[in-house]
Amino acid sequence: MFTERFAGTGRWAWGLAVGLGLWVGMALLLGSGGPPVWGQGSGPLAQYAQNVRQWHIVARYYSTAGTTRVQVNLVQTVTGTAVKGGSSGGFWLIEQHHINPEFFYDPEEPPDVPRGTPITFHYFLDRLDVNALIGGTGVPMKVLRRTSTYALLQEQRRRQVREIPIATDVQVGESVVVVALVDPELTSPGRFEERTARVTGVQERFFTVDVDLDAIVGNSAVHGAPAFVRRGGQWQLAGIFVSHGLSPRAGESAIARLPALDELIPKEVAKPDQDNDGVPDDEDRCPTIPGDPDNHGCPDF
């Protein structure tokens, strides 16, 4: 027996329990492609449409309802932005709260589950997989870096994405374009819209803009929305939207500032290869003798 519940922006806005039959029906409707993205003229989506994706993040825990052990799945829809491709997948930015188990124990509105209940996470890209939800693995993810405002994840699946330059010197009065996910659906991808705003303040970890994204978009998927600035004819990523009361003034939104790309992306460390044949020592059956990669690093005798 299990229960499924949807979570909103930390306030359990989607407090709806559904049965397994509904999930199976939803799975039949899901497509395998990416979400439609509409760029506006020369806006950032025209250049980085493939870097912005709708994500479904599932947190699973077990609780007790009376004498019955109940499995609860909390589904959150957020925005992920790939800042660079990698050998095994893209490096994606997600708001830190959405991969932190403590996020689901909000002291202002605690859920009906005892603190300390084990929580595990599953990540799904572009679509919700009912088989993964009830017991599969989903798209494997690796958390590479976690700060107080955002996390950097690496998708363990090959994907071609463009590298996004990062602007670290946002100025007060500068215009930014925020790419917000609008009308997200669990049965089909949402759509992305570009919204123009102006920087009203710059702090060490955040800058604020004169748009209340939560109020305009009106759903939890605005979390993680990327904010771009135009520099030298090129769009650069300035940060990602975060909520949870971080903006100091009403009617504004807080955007988490990012470090330079070289600081954000961990350096890929080459594996030892003492015979320099292109096959790492831990995969080379003849680690001291140059050989053929197709022959496990050994020469053809």
(message) Looking only at segment 226-244, how many residues end up being within 20 Å of the chain's Cα centre (by Cα), farther than 11 Å from GLN47 by Cβ and not aliphatic (A, V, I, L, M)?
(response) 5
(request) Would you check if GLY224 is modelled with pLDDT under 90, assigned to a loop (DSSP other than H, G, I, E, B), under 19 Å from ARG195 (Cβ atoms) and not basic (Lys, Arg)? (result) no
(request) Assess whether PHE207 counts as being surrounded by 20 or more Cβ atoms within 10 Å (Cβ to Cβ), of a type in the set (A, V, I, L, M, F, W, C) and over 14 Å from ARG53 (Cα atoms). (result) yes
(request) Give me the pairs, please: first residue somewhere in segment 84-100 and under 8 Å from GLU155 (Cβ atoms), second residue anywhere and among the polar types (S, T, N, Q) and surrounded by fewer than 21 Cβ atoms within 10 Å (Cβ to Cβ), beta-carbon distance under 9 Å, and either six or more positions apart or on two chains. (result) SER88/GLN156; GLY89/GLN156; GLY90/GLN160
(request) Quickly run through segment 86-95 and pick out the residues that are surrounded by fewer than 21 Cβ atoms within 10 Å (Cβ to Cβ) and either at pLDDT 75 or above or under 12 Å from the mean Cα position of the chain (by Cα) (or both). (result) GLY86
(message) I want to confirm something. Restricting to segment 166-185 and keeping residues that are within 11 Å of THR77 (Cβ to Cβ) and touching a strand residue (DSSP E or B) at 6+ places or on another chain (Cβ under 7 Å), which single residue is surrounded by the fewest Cβ atoms within 10 Å (Cβ to Cβ)?
(response) ASP183
(request) Report the residue count in segment 51-68 for those that are in contact with a strand residue (DSSP E or B) (Cβ under 7 Å, 6 or more places away or on another chain) and either aliphatic (A, V, I, L, M) or in contact (Cβ under 8 Å) with a residue 60 or more places away in the chain (or both). (result) 10
(message) Quick check on segment 103-132: of everything there that is surrounded by 12 or more Cβ atoms within 10 Å (Cβ to Cβ) and of a type in the set (S, T, N, Q), which residue is modelled with the highest pLDDT?
(response) THR117
(request) Out of ALA215, ALA270, ALA256, report the one residue that is outside any loop (DSSP other than H, G, I, E, B), at pLDDT below 90 and either small (Gly, Ala, Ser) or touching a Gly at 6+ places or on another chain (Cβ under 9 Å) (or both). (result) ALA215
(message) When you check GLU163 against the structure, is it in contact with a Pro (Cβ under 9 Å, 6 or more places away or on another chain), among the charged types (D, E, K, R) and touching a residue at least 12 places away in the same chain (Cβ under 8 Å), yes or no?
(response) no
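The values are calculated or read from the model by the stated rules, or taken from the named source; none is laboratory data. Everything numeric here is computed off the predicted structure, so don't read it as measured data. Reconstructed Cβ throughout: ideal geometry from the backbone, glycine too, with neighbour counts over all protein chains shown.
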